[in-house]
1. Between 0 and 90 degrees, rounded to the nearest ten: what's the tilt of helix 698-717 against the longest Cα principal axis of the chain?
2. Cα axis of helix 632-645 to longest principal axis of the chain: angle in degrees, 0 to 90, nearest 10?
3. Got a sec to turn the phi values of the stretch 188-201 into Karplus ³J(HN,Hα) couplings, 6.51 cos²θ - 1.76 cosθ + 1.60 with θ = phi - 60°, whole Hz, x for Gly and Pro?
4. Restricting everything to alpha-carbon atoms, can you work out Rg to Rh for the stretch 632-717 with a Kirkwood hydrodynamic radius?
5. Between residue 88 and residues 5 or more places away or on another chain, which pairs have amide H atoms under 5 Å apart, with H built 1.01 Å from N, and which residues are they?
6. Let me make sure I get this right: for the stretch 272-409, a, b and c are the square roots of the gyration tensor eigenvalues over alpha carbons, sorted descending. Under 1.5 in a/c it's rounded, otherwise prolate if a/b > b/c, else oblate. Which is it?
7. Which ³J(HN,Hα) values in Hz, rounded to whole numbers, follow from the phi angles of the stretch 44-49 under the Karplus curve 6.51 cos²θ - 1.76 cosθ + 1.60, where θ = phi - 60° and Gly and Pro get x?
8. What is the list of residues in the stretch 441-466 whose amide nitrogen lies under 13 Å from a point 7 angstrom out from the Cα of residue 500, following Cα to Cβ?
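The numbers here are math on the coordinates, done by the rules we state, and not lab data. Since we're looking at a predicted model, the values are computed, not measured. We place every Cβ from the backbone using ideal geometry, glycine too, and count neighbours over all the protein chains shown.
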Amino acid sequence: MVHLFRIITILSFMLALVACGQEADRAASSEVTLQTPAVVAQVDTDRIKNAAAEPEMWMTYGGGYDEQRHSTLGQINRDTLPELGVGWVYEMAKPRGAEATPIVVDGVMYVSSAWSVVYALDAKTGEEKWVYDPEVSGKDAAKGCCDVVNRGVAVHNGRVFVGVFDGRLEALDAASGEVVWSVVTVDQSKPYTITGAPRVFKDKVIIGNAGAELGVRGYVSAYNVNSGALAWRFYTVPNPEKKPDGAASDDILAALANDTWGDAGAWVTDGGGGTAWDSIVYDTVNDQILIGVGNGSPWNPDIRDPDSDGDNLFLSSILAVDADTGRYRWHYQTTPRDRWDYTATQQIMLADLPLGDGGGSRRVVMQAPKNGFFYVLDAASGELVSATPFTNQNWTTGEFDESGRPVLMEEAVDLALYAVVPGPTGAHNWHPMAFNPDTGLVYIPVNEIPFFYDKTRNVADSKSIWNIGYDAAAGWPVEYPAGTLAAVSGLDGGTLLAWDPVKAEPRWAVPFPLPLNGGVLSTTAGLVFQGNKFGDFVAYDAETGERLWSHSLVGNAAAAPMTYEIDGEQYLSVLSGWGSVSSLIAGFTYGEAKGKEPARVITFKVGGNETMPAPLAKVVSATPKSPIFGEPEQHQLGMQRFAENCHFCHGAFAVSGGVIPDLRWSAISANDEAWDQVVREGVLEKQGMVSFAGHLTKEDTDAIRAYVIQQAWLAVANGNASAPGEN
Ligand code: CA
């Protein structure tokens, strides 16, 4: 079947050459073209459009252009689940977070992992075909909010496209992994990064960027797949002069967006945010691109845009633009004048639902963004069909005013140490959801993580490479009694939620004590697959949520599973590992690593009998390696600077999730010279730990060390660590 398709493709290609290749020069150039594409990854827009006819492939990030992540393969079903076992395991070259969904075309798996490394594997055996490492500089790690992750590649006509962490977009030869073209899509002097998967449509490949936490201006860029030439660009927010960029967005920014921003404030210097770092989807029916737009930069709008109370378009919006030109079609802003990091970058899914006149079919856009509302919009017009909270939220009253704007809670605007739900991790983050057309349900990995936003203290004198405009240490005491962190952690959790998008109501929910559970796959066998923080890979009943099967992955799974079939055998793959936002920001709340498990592709099949690698032993002993030193004022300053600069990687309250060193137990923090070499001189820059000397004074960095050691001894006092020599 596959081979037949390939032969037909090549034959029709050759016939086309014969038909139009009369002139000598044209024939010559056609011959060159004929030799260049490898006879692998022969995917084009039409083939992806018809992805439903080839369920044995997984040709694009979301499984098809509609990104429903539902497979009609049924060999893995209730009857065969007991025999589902590991077929093969592939260990990736570089550790850190694993968030990608693999693509499988014609027997080859193309998958990316940390540091934007791309792997081509035999999808039947896991045998490596090639590895491409774009050699991202270690110092670029500091530009990322949430680890050096990559969520996947795109495949088109013999090429593999990858968005590289430092802002490159590259086309690789799918047969060899060699670079065919490479373009820089961002100003690399600014803190832009790319973690999202590119998408291809027609003759274009499209990519966005990230960096709103550090201060950039968001946009998406579409490039010609063959040449890498820029086809169009759409800026999601105005430039500071509110002048044309010479981009597809010029007219609509002038007509709609410019007046929603004032003329001064941090957005003028730092770009305003609105980065599209995850969901960028091709709507084949309406021939448009749907863009999920991110949060404001900085988060606090009183600092971002003090001269206006405008909506700051197109922050936190779903935008529809023409696929060929990039020109504006419609938008829906989920969170006007965002102030809580409520990105609308989350997965955009298209479906035909019985929401039309008289119960007829209507093509809709669905999204469950960070702000906790589930949105259903008409795909052609952008008209709002429904907006319903899918989890607890306290930033709105739950009502909308006559103009369709959410009615805000006063406390969530005043933000004087108010615990807002959802917090910046979102009620739903990048972890993909899935839609089963048979059950009519969307399966959403939901988080419940409150966050203290405080705009009243420590904002003006903050010294942070992060640019949020709130007190980064809000709610952090220097000293806290035993049990505090466990109690805080107990406020956090999540669910796997089955949501009915037609009735706009939940059907069932499986609760988890830990948030940020993995992405989801739905199958026609009535199964929902999801990995979780406990290192389990689980199959649930799609109708009831009953847990039917599970298998240990050793490492944590955040990425979404996918499935494919080769030679009559169905395979089910998921990435596991440790890293990404879930293990960086706070070990105590998101779950501590069992060990620094490497990133792996783990592939299951019926009758698979490979064994999983043994879990790595925990190697770090939780024991202070230096006597306590410093006065309370120094600890207080150290806590403030740690919160502003260090906790995004090393963990809130200095409790690390395990992939990045826990500084409380580090030999480097125990020694003032070693500390200065790392923190001020940047000797570990290659590993991603840059120098902070240009940013923090020696008084600041000394205070951070004093705070870290004080926190180590606090852990001993609270019974969470041993004193030296105790064990
Ligand atoms: Ca953000």
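1. 80 degrees
2. The helix 632-645 is inclined about 10 degrees to the chain.
3. 6, 7, 9, x, 7, 9, 10, 10, x, 7, x, 10, 10, 8
4. The Rg/Rh ratio comes out at 0.92.
5. When sequence neighbours closer than 5 places are left aside, the close amide H contacts are 603.
6. Judged from the Cα gyration tensor, the stretch 272-409 comes out oblate (a/c at least 1.5, b/c at or above a/b).
7. The phi angles translate into 9, 4, 5, 5, 5, 4 Hz.
8. 441-442
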